[in-house]
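Structure, as structure tokens:
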Amino acid sequence: MTLDGVRQAGIFFAKRESANSMTASSLSHTHRRHRWRLTFQRYLGLTLNVFPPFIYLLLLFYAPMGMMFVISFWKSGYMTLEPAFTLENYKTFFTTPIYLKTLYNTFLIATGSMILLVVIGYPIAYYLARIRPKYTYLILFLLIIPVEINFLIRIFAWKIALGNNGVINSFLMQLGVIDEPLGFLLYSKTAVMIVLIHEWLPYVIIPIFLSLRGIPDSVIEAARDLGSSKYDIFRHVLLPLSVPGLFASMVLVYIPMLGEFAVPALVGGPSGYMLGNVIESQFLSAGNWGLGSAVGFILLFITLILVAVVIKVAGVEELL
Amino acid sequence: MKTLRTSKFWFAFYTYAVMAILIYMPIVILITFSFNDSTIMSLPWSGFTLKWYQKIAERPDLLKSLWNSLWVALIVTAVSLVLGVLAANAMARYRYKGRIFFTGFVSIPFVMPWLILGIALLVFFTKAGIQLSLFTVILAHISFDVPLVAVLVASRLHQFDPNLEAAARDLGCSPLEAFRLVTFPIIAPAIIAAGILAFNWSFDAFVITHFVIGHQITFPIWVWSALRFPKNLPIINAVSSIIVVVEMGLIFFAEWIRRRGGGEEDSILF
């Protein structure tokens, strides 16, 4: 028997013995007191660990969320808010063409960016998974650094790059590639999507990379030995096995992109307006909190459905 | 074999090209133009200057915002670390009914759009009669940073062998001693890395802050309002460049700590 086997057996017998002794009535008084003290300390420890964060989040996350939900049903107008149950706010949202157009825009931009992110990010994740770990971590590190730089500053940097007099346009004009600035680069859906892709690319690459790295080489070799072409290996082996990572990364970036408001506010212009901008203006300039809360809750509802789907598919444990 | 090598070359080329254009180009442009002697940020280059860096010192509002962000982030980090480590303990080191519920309870704020958290807290503070100020900003940031710390530290605790602590207890340590002498030194790198991330996040947080700050300013709020005035742009550029360099320094420090703790597999972000 191997050493490990001996240890396993030892643990097994020790467990059985402790299970027996628990039920045995011949347990001495001091033993029982000792066991009781251990259990008590365990519960005390658990309670001390659970309650402070639980109470904090209950008060400063869940209560505000609940309040927002309640207020979305209140009668609300410019700077007024009365407690009364009404579906008026939701009705206003779903019957005003400009809001529906914004909802459509939001999904268009978020979905388009997500598809582009996956298409751009997958080959990079694949490359990272197939090179030596030393280089993998260097590149991952280089991908992560810019994420930590203030996000408004990075949006501002894109503004310098994309504007009519911006670096890209001036550069292309000096090269003689174009005669007049490419107007669609700034204050457009394109601009919002470029900045979103810049912002979220690392978050897409990492989960896909992790799931691709988990695929054993032997699986790929077996497929190759059995005569699969490179495309077949990708289509029938790598892609199906990387679906969990792909799925996780898609949800990870889709939720925050739906709720984006700083990017469209700075580089989106009127055509890049998103739901986040509607919510922000209802709260900070239009003063209609009921409507703002309702729009917020519609966004939240979509988010919760997405989270629920992921938990259903992947399980809470795997997400952590 | 040869075809394999060429395809590897193209993958490498693609990876570096995407990183250069989509991720690093704007940052390089930003830093380069902070030395440009013009308020208009376009080519051609108008000459080298350091005057935008000198002007930072002449803006008391900017300095005040940086100072505010700094101490807000310090308080947020301290409180979030305490609450986050407690939550991580409860998520990873105990087996009890409701553990999955608690894990979900703590993790949900982490996946919530910041905008939603911002407006919910704005509604809450106003209805509860709490004056919007840097204090409400601190409370709001902690709501997001606790889940951040908890998730990061819990992932380290999952790898931790509980027998080590049981051994310490057998040898006569009290629960607190066992934690201080055995568990803490092992999870310290994860805690420090989480602390640095929490600090960074709070220092940079714009979306939530935007809703709950009232009339005070933090650095991101200063940037947001300064962006509306073209004459400010070079100063934003200069101060951003300094912050980019400082933040990169912090990240390198966090990474160094993590590597010293032997965490080869898990990155500081995941």
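No value in this document is a laboratory result; all are computed from the given coordinates. As the structure is a computational prediction, the values presented were derived from the model and not from experiment. Ideal geometry is used to build each Cβ from the backbone, glycine not excepted, and the neighbour counts take in all protein chains shown.
Would you mind checking the tilt of helix A:243-258 against the longest principal axis of the Cα atoms of chain A, expressed as 0 to 90 degrees and rounded to 10? Once rounded, one gets 50 degrees. Sequentially through segment A:179-186, phi angles give Karplus couplings (6.51, -1.76, 1.60; θ = phi - 60°) of 8, 10, x, 6, x, 6, 5, 10 Hz, Gly and Pro residues having no value and appearing as x. For chain B: lysine pairs with Cα atoms under 30 Å, gap of 8 or more or different chains, count? Lysine pairs satisfying the spacing and distance rule in chain B number 6. Look at the alpha carbon pairs under 8 Å that are at least 6 residues apart: their mean separation over the length of chain A gives a relative contact order of 24 percent. Most mobile of B:Ala198, B:Ala167, B:Ala92 per a Gaussian network model of chain B (Cα springs, under 10 Å)? Ranking B:Ala198, B:Ala167, B:Ala92 by mean-square fluctuation puts B:Ala167 first.
Over all directions, the average projected area of the alpha-carbon convex hull for chain A comes to how many nm²? Write down the numbers at each step before the final one.
Numbers: hull surface 115.2 nm².
So the mean shadow area of the Cα hull is 28.8 nm².
Arranged from fewest to most other beta-carbon atoms within 10 Å of their beta carbon, B:Thr103, B:Thr136 become B:Thr103, B:Thr136.
Calculate the length of the line joining the C-alpha centroid of segment B:109-144 to that of segment A:116-150, in whole Å. Computed from Cα coordinates, the inter-centre distance equals 33 Å. Basic side chains Lys and Arg get +1 at the Cβ, acidic Asp and Glu get -1 at the Cβ, and with that the dipole of the protein assembly as shown about its Cα centre reaches some 1100 debye. Ranked for footprinting exposure by Cβ neighbours inside 10 Å, fewest first, B:Tyr94, A:Tyr78 give A:Tyr78, B:Tyr94. Between segment B:67-98 and segment A:77-96, the C-alpha centres lie 37 angstrom from each other. Between the listed residues A:Leu128, A:Phe184, A:Ile197, the Cα displaced farthest toward the positive end of the dipole of segment A:96-319, a dipole computed from Cβ unit charges relative to the Cα centre, is found at A:Leu128.
How do A:Arg42, A:Arg33, B:Arg169 rank when sorted from fewest to most other Cβ atoms within 10 Å of their own Cβ? Kindly include the intermediate steps, with their values, before the conclusion.
On the way: A:Arg42 13, A:Arg33 10, B:Arg169 16.
Placing the least packed residue first, the sequence is A:Arg33, A:Arg42, B:Arg169.
The angle separating the long axis of helix B:114-127 from the principal Cα axis of greatest extent in chain B is about 80 degrees. Across segment A:126-134, computed HN-Hα scalar couplings (Karplus, 6.51 cos²θ - 1.76 cosθ + 1.60, θ = phi - 60°) run 4, 4, 4, 6, 9, 9, 5, x, 4 Hz from first to last residue, x flagging Gly and Pro.
Can you tell me the 0 to 90 degree angle between the C-alpha axis of helix A:151-162 and the longest principal axis of chain A, rounded to 10? Taking Cα atoms only, the helix is inclined about 40 degrees.
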